[in-house]
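Notes follow once the structure below has been shown.
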Amino acid sequence: MSQDRFLFATALVKRAGAFAHEYFLRLDTLNIESKGHQDMVSEADRDTEVLVRDAIAQAFPDDGIIGEEHGAKEGSSEYTWIIDPIDGTANFVAGIPQWCVIIACVKNDEKHIGVIYDPCADELFAAQKGKGATLNGKSMSASNSASISDGSIGLGFSARSQKQRVIKAVEMLLDEGGIFFRNASGGLMLAYAASGRLIGYIEDHMHPWDCMAGLLLVEEAGGICQPIDVQDAVMNGCKVVTGGPKVFDKIKALTDKAYV
């Protein structure tokens, strides 16, 4: 059954990505609302989530579903799906091709499946617990860098972030000879950390639909993530600190001082 869900998830995330991309190609016709600073929603977000929810409900009717736009559906099985229909909506509505569709599945409060699809680049990042991580079907690995100065660290922040924490993290990173990367899609940056493009990713708080898939990607690609309580994170979000195996401790030491 687990393999069935993984194959289902990889097919569904590409289908949803293609669907959202059709909206992206006709941005001038979109209805867009603002939910606050850096927090927008469009009909593309809502319609894409409905597509994903309906597909899951049809294929696995007993599974729970949590999505960014349409709330939670209780399930009776051991599986819960966590969906972000478009991560990087601010990019999406501005016509910037840096956004993705995220689908995760948690089994008995453990990260079980994580798939992230970037339709603009046609890149599918996928992982299943205990079975490694792939990029477009080929095995991928987290960065082998041993120094913060040897590569870029993805930096996420949002309206929930405390400004001083972000400033402190940037200052400490620069003081150590590092550099930060930000593209306004936490999901994509986590995928980039899993594929070795970034040496790590940090954010003081992420919603579960933004990070659950990416955390599994990083772990299955041989990277390290600061431990989280999955059950609590599914309900309330969590701090996210990840890195390649040789540099994680240095990244964590930085965030331990910055995110206080």
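Key figures
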{"item": "Percentage relative contact order, the range 152-258, counting C-alpha pairs under 8 Å, at least six apart", "result": "30 percent"}
{"item": "Whole-percent pair-distance distribution, where bins are 5 Å wide, for the alpha carbons of the range 152-258", "result": "2, 14, 27, 27, 21, 8, 1, 0"}
{"item": "Cβ-based charge dipole, the range 2-139, positive-most Cα from PHE92, ILE66, TYR117", "result": "TYR117"}
{"item": "Members of LYS14/LYS111; LYS14/LYS129; LYS73/LYS257; LYS107/LYS168; LYS138/LYS163; LYS14/LYS107 lying beyond 31 Å, as alpha-carbon distances in this model show", "result": "LYS73/LYS257; LYS107/LYS168; LYS138/LYS163"}
{"item": "Cα-based radius of gyration of the range 151-193 once divided by 2.2 N^0.38 Å, which approximates compact folds", "result": "1.15"}
{"item": "Relative contact order [Cα under 8 Å, 6+ residues apart], the chain, whole percent", "result": "17 percent"}
{"item": "Table column - 3J(HN,Hα) (Hz), the range 207-221, Karplus curve with 6.51, -1.76, 1.60, x for Gly and Pro", "result": "6, x, 5, 7, 10, 4, 5, x, 4, 5, 4, 4, 4, 6, 8"}
{"item": "Table column - 3J(HN,Hα) (Hz), the range 169-182, Karplus curve with 6.51, -1.76, 1.60, x for Gly and Pro", "result": "4, 5, 4, 5, 4, 5, 4, 8, x, x, 9, 10, 10, 9"}
{"item": "Debye intensity ratio in log₁₀ form over the Cα atoms of the range 2-139, taken at each q of 0.09, 0.11, 0.21 Å⁻¹", "result": "-0.26, -0.38, -1.25"}
{"item": "Size of electric dipole in the range 152-258: Cβ of Lys, Arg +1 and of Asp, Glu -1, about Cα centre, debye, nearest 20", "result": "280 debye"}
{"item": "Virtual spin-label span in nm between SER149 and SER161, 7 Å along Cα→Cβ", "result": "2.5 nm"}
{"item": "For the range 65-159: Kirkwood Rh in Å [reciprocal of mean 1/r, alpha carbons]", "result": "15.5 Å"}
{"item": "Of every Cα-Cα pair in the range 114-159, the percent that sits beyond 12 Å", "result": "72 percent"}
{"item": "Within the chain, helix-based [θ] at 222 nm, where runs of 4 or more DSSP H residues each add -39,500 (n - 2.57), nearest 500", "result": "-12000 deg cm²/dmol"}
{"item": "Under 5 Å, built H, 5+ apart or other chain: amide partners of GLY223", "result": "ALA142"}
{"item": "Protection-proxy order for peptides 129-141, 205-217, 49-61, 97-109, each taking the mean of Cβ atoms within 10 Å per residue, highest first", "result": "205-217, 97-109, 49-61, 129-141"}
{"item": "Convex hull volume of the chain per residue (C-alpha atoms, cubic angstrom)", "result": "109 Å³"}
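Since every read-out is calculated from the coordinates, none of them should be taken as a lab result. Since the model is a prediction, treat every value here as computed from it, not as a measurement. Ideal geometry is used to build each Cβ from the backbone, glycine not excepted, and the neighbour counts take in all protein chains shown.
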